[in-house]
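Below is one structure, written out as structure tokens, with a few remarks after it.
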Amino acid sequence: MNASPQNIDPIEHEAAEWVVRHRQGQLSAREQKAFQRWLTADPLHAAAAERADRAWQATAQLKRLPGYSKPQRPPRPRWFQLPLATGGAATALALGCWMLLAPPFWLQALSSDYHTGFGETQQITLADGSQVELGSHSILNVAYDDQTRLVRLSQGEAVFTPSPVTDQERRPFTVRTAGADITARGTQYLVGVGDNREGWVGVLQHQVEVDLTHREPEDAAGSALLDQGKSLRFSPTSGLVPLNVSPDELASWQEGRLVFQRELLADAVARINRYRSGLVMVRGEALRNVQISAVMRLDNLDDALKRLAVQVHARIIDLPGLTLIY
């Protein structure tokens with residue numbers, strides 16, 4: 001069933017319209033400035049624009065496959081281009097423009113408290129002694145105040161081991177994402193962030209409380225107390241949904257591997273994309289819904305993808321910036 005227009009996230013729809021018109025050179029100078037203002041108005045806008053642009057580029061790469069005529073590489077997005085200028089003031093201006101209009105991840109990373117690149121992890125000790133292991137391609141900000149020990153995970157995933165609430169430390173520890181707040185109850189837990197305000201939580205020790213963020217009138221509402229050994233996915237459209245994947249499997253990246261147990265190929269590829277710089281795509285709905293089981297080493301994902309393609313009786317092709325399973 002095709003998605004109807006009313007089921008498409010309005011931010012994603014607006015981002016797609018901006019990017020398509022940008023790529024086709026249809027924006028006037030005034031509209032270029034309006035697009036730049038829209039990008040910087042909300043991190044969700046910038047993230048949606050990046051996804052739309054990656055989809056455009058992936059489509060262009062697909063045209064190189066047999067059956068397509070004369071491939072054309074799309075031009076670089078204009079919001080990534082720097083003005084040519086000389087002199088100290090002009091150089092400073094160019095640098096400022098680059099920081100403002102850089103790809104969304106790096107724009108957020110520059111102003112973040114902690115961030116990691118593809119395949120990189122980071123061990124963090126916060127001011128109260130809480131421990132964080134930040135996963136690949138992730139962004140974390142710390143916003144402690146007198147009432148709450150709040151950390152914001154805007155991209156990626158992390159394992160949190162908060163210092164417990166005591167007579168001396170009465171503030172709760174909460175991880176905030178775009179889609180939910182996850183509050184510890186003397187615990188160790190994993191939080192991951194996906195697209196469209198979705199994400200997942202897995203409890204490694206004790207319990208956590210998960211509360212959906214209600215931003216739009218049509219957003220799902222709800223909360224749950226999640227026990228040790230359990231995991232769930234949260235979404236503004238489907239609410240809180242239990243996962244069959246164990247928290248240990250979700251956190252297997254801590255040991256340098258990814259574990260998949262009877263997962264849809266589309267879901268497995270979405271996880272793999274968080275650990276490598278090139279985009280992996282699966283072509284065809286039937287192939288996307290094939291269930292797979294595998295253990296992959298993070299330091300050898302390219303070879304693992306080839307073995308995965310064999311397992312699902314598919315072919316694989318590597319293009320610049322894109323690996324296609326079809």
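Overview of results
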read-out: Count - residues of the stretch 227-247 that are more than 20 Å from Asp267 (Cβ to Cβ) and either among the polar types (S, T, N, Q) or surrounded by 17 or more Cβ atoms within 10 Å (Cβ to Cβ) (or both); value: 1
read-out: Scope the stretch 147-167; condition within 14 Å of Ile124 (Cβ to Cβ), without any contact (Cβ under 8 Å) to a residue 60 or more places away in the chain and outside any loop (DSSP other than H, G, I, E, B); matching residues; value: Arg149, Val151, Arg152, Leu153, Ala158, Phe160, Thr161
read-out: Residue within the stretch 251-261 that is assigned to a helix (DSSP H, G or I), farther than 20 Å from Gln155 by Cβ, free of Cβ contacts under 8 Å to residues at least 60 places away in the same chain and among the hydrophobic types (A, V, I, L, M, F, W, C) present; value: no
read-out: Test set (1) touching a Ser or Thr at 6+ places or on another chain (Cβ under 7 Å); (2) assigned to a loop (DSSP other than H, G, I, E, B) - Arg170 fails condition number; value: (1)
read-out: Selected residue (criterion: modelled with the lowest pLDDT) from residues of the stretch 3-45 that are of a type in the set (Asp, Glu) and not in a helix (DSSP H, G or I); value: Asp9
read-out: Evaluation of Leu190 against (1) on the phi > 0 side of the Ramachandran plot; (2) buried (at least 20 other Cβ atoms within 10 Å of the Cβ); (3) not hydroxyl-bearing (Ser, Thr, Tyr) (one fails), failing number; value: (1)
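Yes or no, residue by residue, for (1) part of a strand (DSSP E or B); (2) of a type outside the set (A, V, I, L, M):
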{"residue": "Arg185", "(1), (2)": "yes, yes"}
{"residue": "Gly192", "(1), (2)": "yes, yes"}
{"residue": "Asn196", "(1), (2)": "no, yes"}
{"residue": "Gly202", "(1), (2)": "yes, yes"}
{"residue": "His206", "(1), (2)": "yes, yes"}
{"residue": "Glu209", "(1), (2)": "yes, yes"}
{"residue": "His214", "(1), (2)": "no, yes"}
{"residue": "Glu218", "(1), (2)": "no, yes"}
{"residue": "Ala224", "(1), (2)": "yes, no"}
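The values are calculated or read from the model by the stated rules, or taken from the named source; none is laboratory data. Owing to the predicted nature of the structure, the values given are computational and were not obtained by experimental measurement. Ideal geometry is used to build each Cβ from the backbone, glycine not excepted, and the neighbour counts take in all protein chains shown.
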